[in-house]
Amino acid sequence: MSKIADYKKQIGKYHKMKPIVTVRELLLIFIGLAPYGLAVNQMLVPHNVVSGGLTGFCEILYFATDRALPIWLSSFLINSLLLLIAWKLVDRRFCIRTLYGFSCLTFWLKVIPIASDPMIHEPFMASIIGGVLCGCGLGITFLNNGTSGGTDIIAAIVNKYRHVPLGRVLFYCDLMIISSAYFLPNVRDIEKVLFGLCFTFMMSNAVDMIMNKVRQSVQFFIFSKKYELIADAINTQVLRGVTILDGQGWYSKEEMHVVTVLAKKNESKKIFSLVKEIDPNAFISQSEVIGVYGQGFDKIV
């Protein structure tokens, strides 16, 4: 057996052993999609504001049929059709997680009633607050390897065969859906289109904020002659791995050792306190890193 074939066999065994999704993830995905349904049914639809994605397209169908076709029903049917197409084209694990995700969203869109009296009476503020709510919910969903389906499925298919960035596909889909709302008789208002774009902008920023805040990590370079004591203290008291790098001061030509640490941002204060206690004259460089995966940090997904 070739090395490549043997590698593929090992990966296949690993996927069989690894659960597709945990109970904790299932629960958080279910909870995370509740604000999405709340934002759509209580803040957007009462003001005739169309959001992006498949839900926005279903809103258009809802308005175009004079509110005869429920948003939850069209969302479930279209998602199911897209998933059938995607089943043979993309990863099966993605399809199973997506099936659960859009089923949860369908549940919330059906259970939460469309308000006759909007929760927030000013449409612009409803779009802003709704975008934040929706983004926070999706951020929780994405952090737990979930998805709400819709244009995510389209983006996954396009990305596999055309190597187009997912963000760009989602942006084009959202732009077309929100802009097309202008041609609906009961929406025909450029302000409502702009409100829909504001909703999408706030949602995207809220998603980024949630995901980056949770995954925010820092990197330390600590220069000290007492590097061994500092490394032991961080290793035993902060419970973080430490790497010692060999270096040389270019001006002094002195050999030195550099303590390198990757830690969560909330652990920074404790690391600074330990270093100050051991060597007040230590030189420290701290920087933020976009993502750290494995060995006590985020899971590689």
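The values are calculated or read from the model by the stated rules, or taken from the named source; none is laboratory data. Note that the structure is a prediction, hence the values are computed from the model and not measured. Neighbour counts are summed over all protein chains in view; Cβ atoms, including those assigned to glycine, are modelled from backbone coordinates with ideal geometry. Quick note on the areas: whole protein, heavy atoms, side chains included, nothing else; ligands and nucleic acids left out. Shrake-Rupley method; radii C 1.70, N 1.55, O 1.52, S 1.80 Å.
Could you please find all residues in the range 175-201 being in a helix (DSSP H, G or I), open to solvent by less than 50 Å² (accessible area, probe 1.4 Å) and of a type in the set (A, V, I, L, M, F, W, C)?
Correct list: Ile177, Ile178, Ala181, Val193, Phe195, Cys198, Phe199.
Among the numbered criteria (1) farther than 28 Å from Ser148 by Cα; (2) open to solvent by 100 Å² or more (accessible area, probe 1.4 Å); (3) modelled with pLDDT of 85 or more, which single criterion is violated by Glu288?
Failed condition: (3).
Pairs under 9 Å by beta carbon, first residue small (Gly, Ala, Ser) in the range 77-96, partner modelled with pLDDT under 75 and open to solvent by less than 40 Å² (accessible area, probe 1.4 Å), six or more apart or different chains?
Short answer, once both residue conditions are applied: Ala86/Ala156; Ala86/Ile157.
Which residues, counting only those in the range 48-74, are open to solvent by less than 10 Å² (accessible area, probe 1.4 Å), among the polar types (S, T, N, Q) and under 20 Å from Glu191 (Cα atoms)?
Selection gives Ser51, Thr55.
Of the residues that make up the range 223-241, is at least one under 30 Å from the mean Cα position of the chain (by Cα) and part of a helix (DSSP H, G or I)?
Looking only at the range 223-241, we keep the residues that are under 30 Å from the mean Cα position of the chain (by Cα), and these are 238-241.
Going one step further and asking which of them are part of a helix (DSSP H, G or I), we end up with 238.
Among the residues of the range 223-241, at least one is under 30 Å from the mean Cα position of the chain (by Cα) and part of a helix (DSSP H, G or I), which makes the answer yes.
Pick out the one residue from Ile210, Ile230, Ile222 that is without any contact (Cβ under 8 Å) to a residue 60 or more places away in the chain and surrounded by 14 or more Cβ atoms within 10 Å (Cβ to Cβ). First the steps, then the outcome.
On the way: Ile210 fails: without any contact (Cβ under 8 Å) to a residue 60 or more places away in the chain; Ile222 fails: without any contact (Cβ under 8 Å) to a residue 60 or more places away in the chain.
Result: Ile230 is the single residue among Ile210, Ile230, Ile222 that is without any contact (Cβ under 8 Å) to a residue 60 or more places away in the chain and surrounded by 14 or more Cβ atoms within 10 Å (Cβ to Cβ).
Kindly check whether there is at least one residue in the range 94-114 that is under 18 Å from His47 (Cα atoms) and open to solvent by 50 Å² or more (accessible area, probe 1.4 Å). Give the derivation first.
Step one: list which residues in the range 94-114 are under 18 Å from His47 (Cα atoms), which gives 109, 112-114.
In the following step, the residues that additionally are open to solvent by 50 Å² or more (accessible area, probe 1.4 Å) were identified as 113-114.
There is at least one residue in the range 94-114 that is under 18 Å from His47 (Cα atoms) and open to solvent by 50 Å² or more (accessible area, probe 1.4 Å).
Could you pull out every one of the helices (runs of 4 or more DSSP H) wholly within the range 68-167 that has 3 or more residues that are at pLDDT below 85 and out of contact with any Lys or Arg (no Cβ under 8 Å at 6 or more places or on another chain)? Quick ask: steps written out before the conclusion?
Numbers: elements: 71-87, 92-111, 123-143, 151-162.
Answer list for the range 68-167: 71-87, 92-111, 151-162.
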